[in-house]
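Reviewing the structure listed below.
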Amino acid sequence: MSQETKTFVVTRFDPDKDEVPKTQSYEIPVEGDWKILDALNYIKDEVDPTLSHRWSCRMAVCGSCGMNVNGEPKLTCKDPVSNYGDTVEVAPLSNFPVVRDLVVELEGFMEKFKAVKPWIVVAKERAVEEGTTRQSPDELADFKQFSMCINCMLCYAACPVVSNEPDFIGPAALALGHRYNQDTRDEGAPERNEIFRDEGGVFSCSFANECSEVCPKKVNPAGAIQQAKLRNVLDWAASFVVKRGGKES
Amino acid sequence: MKTLMLKLEPIIWGLFSGGMMVGGILLPVFVLVVGLGGGFGAVDGQALGYDRIQALATHPIGSLLLLAAMALPLWGGAHHLRHLWIDLGGLKSDGLVGALCYGVALVGSLVAILAVFRLHG
């Protein structure tokens, strides 16, 4: 079997030395079944140990290895090198501060997640004696898709609103908030909807749908946000008829 | 202005989504039936006669539909233009552009309401 080579043009940035990011090219042999992450690991192990990139599970579960490949946000452990030509550009995810090389800062992203209260909110905890909370398959289907997110942040890198409005809560976090609003065990929708309607909430979304296009787990955050918008319109209209906060079942 | 728009965001989005439905789905069918169907003889000319259309337009449901067909797409367009402006990097002037877009939609809606009222003589 003849060995193929490809050139990887990788963005490098050392905050101690560099003012702005620069690129470095590596021409390496690649195997036919490699993913982009395999190529980066090869570079780090065999060519240049100073390259920094984040990864863990190698099976599209941990969400660590998101990067821009030829300008598009990709989960590099899932992205075959065979999809690309002789030259492949690998850069850190857009819309995030860069810590070093291909590693981005997660702090702001994590804060946005916390803002939507991504847990089951109940006024009163159920006692164990009351038994389990039952949920039908249909009720589960209302939110299951939105709970498949692995926090890879590709949607934040793809979203035009995130790049323009730093305060925008963003696709993954809004979809996760909506996931809990849709959960029959949850009573936190009024609190979350206040946040959803506030600055940087669901109505900042211009439905470019890029988040759903790039999502490696087919979570469809854009769909979740549109559902949340509709729910908030109805919730807002209902607030004129029913006392605020008392309309959620 | 920004706070006011934030407060009104649910109603604006409601009007916008209504406008996209009307503008994207109902109006093309309307144009096809009335504009082309009548002209090419696929729809009976009598059915689109002045008296019948006048009766339809002055019926409460007909008037509401007419109003929706005229006013809602204005809000659809206004909201789209505002968000296009933000996506192009115009967040700083969002207040002004938003006021302008929604202002035009509001004036247009008032004109539409006036026009429908005048149909009733």
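FYI, it's all coordinate maths here, none of it is from the lab. Since this is a predicted model, take the numbers as computed values, not measurements. As a convention, Cβ positions derive from the backbone with ideal geometry for all residues, glycine included, and neighbour counts pool all protein chains shown.
Evaluate the distance, in nm, between pseudo-label points positioned 7 Å from the Cα of B:T3 and of B:V104 along their respective Cα→Cβ axes.
2.9
Which loop chymotrypsin sites (Phe, Trp or Tyr not before Pro) in segment A:89-167, with loop taken from DSSP, have no more than 11 other Cβ atoms within 10 angstrom of their Cβ?
A:W119
Label point 7 Å out from A:Q3 along Cα-to-Cβ: which residues of segment A:74-99 have amide N under 13 Å?
none
Round to the nearest 0.05 the FRET efficiency obtained for A:E187 and A:A141 when R0 = 35 Å and r is the Cβ-Cβ distance.
Details: r = 20 Å, r/R0 = 0.58.
Efficiency at R0 = 35 Å is approximately 0.95.
Within 10 Å of each candidate Cβ there may be at most 14 other Cβ atoms; applying that plus a DSSP loop requirement, which trypsin sites (Lys or Arg not before Pro) in segment A:139-226 survive?
A:R185, A:K218
Could you tell me which residue out of B:L81, B:V97, B:A42 lies farthest along the dipole of segment B:2-119 toward its positive end? Charges go on the beta carbon: Lys and Arg +1, Asp and Glu -1, centred on the Cα centre.
Sorting the options by dipole projection puts first B:V97.
Once you charge only the Cβ atoms, +1 for Lys and Arg and -1 for Asp and Glu, what is the size of the charge dipole of segment A:4-104 about its Cα centre, to the nearest 20 debye? Working shown, then result.
Values: 11 positive and 17 negative charges, 79 e Å.
Dipole of segment A:4-104, to the nearest 20 debye: 380 debye.
On a 0 to 90° scale, report how tilted helix A:221-238 is relative to the longest principal axis of chain A, with both axes built from alpha carbons and the result rounded to the nearest 10.
That works out to roughly 20 degrees.
Can you give the charge dipole size of the protein assembly as shown about its Cα centre, rounded to the nearest 20 debye, using +1 on the beta carbon of Lys and Arg and -1 on the beta carbon of Asp and Glu? Walk me through the intermediate numbers first.
Working: 35 positive and 44 negative charges, 277 e Å.
Using Cβ point charges on Lys, Arg, Asp and Glu, the protein assembly as shown gives about 1320 debye.
Please work through the protein assembly as shown and write down the cysteines that have no neighbouring cysteine Cβ at a distance under 4.7 Å.
A:C65, A:C77, A:C149, A:C152, A:C159, A:C205, A:C215, B:C101, each lacking another Cys Cβ under 4.7 Å.
Report the paramagnetic label zone for A:S82: residues of segment A:1-35 whose backbone N is under 18 Å from a point 7 Å from Cα along the Cα-to-Cβ axis.
Within reach of a label on A:S82, which here means backbone N under 18 Å from a point 7 Å along Cα→Cβ, segment A:1-35 contributes A:1-7, A:29-35.
What list of ³J(HN,Hα) couplings, whole Hz, do you get for segment B:6-21 from phi and the Karplus terms 6.51, -1.76, 1.60, once you set θ to phi - 60° and write x for glycine and proline?
With the stated coefficients, segment B:6-21 comes to 4, 5, 8, 3, x, 5, 5, 5, x, 5, 4, 5, x, x, 5, 5 Hz.
Taking R0 as 22 Å, what FRET efficiency do you get between B:A69 and A:L230 from their Cβ-Cβ distance, rounded to the nearest 0.05?
Between B:A69 and A:L230 the formula returns 0.55.
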